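This report refers to the structure that appears directly beneath it.
Since every read-out is calculated from the coordinates, none of them should be taken as a lab result. Everything numeric here is computed off the predicted structure, so don't read it as measured data. All Cβ positions, even for glycine, are placed from backbone atoms using ideal geometry, and neighbour counts span all protein chains on display.
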């Protein structure tokens, strides 16, 4: 049993660091200018959620939440869609995160180019140059 408040605080801080260790890994970094590797990308997104924003140009900005299930299922909620959508995801070579939703783009598969994967920060560009950036959250905290 922890008896001193400082000891309890230190234990809580250590537990939080251990819990975040799976989300913030140096292996995810693309700071050196090389493409994000398929292994690093897979480790970062599998079983986790990207929560962020996108810009379409002309100042249009929206919000998105995307869960990448370990079973290859992707579930997304995007502010400009009528409702949530789901489909499948996979990785194609280095730095290509590919998705195929039921409704979005009439079910066509397309790949995003991942431009940043550093700690819990991720950014990618869609085939139409839509820029997406956000934080990777552990698990499926939004219940998608």
| note | Neighbour-count ranking for 60, 122 (other C-beta within 10 angstrom, fewest to most) reads 60, 122
| Fewest-first sequence of 128, 86, 92 by Cβ atoms within 10 Å of each Cβ | 128, 92, 86
| When the Cα atoms of region 25-137 are enclosed in a convex hull and the volume is divided per residue, what value in Å³ results? | 95
| Computed E for residue 129/residue 71 - FRET, C-beta separation, R0 22 angstrom, nearest 0.05 | 0.15
| Share of Cα-Cα pairs in region 73-144 lying beyond 13 Å, as whole percent | 70
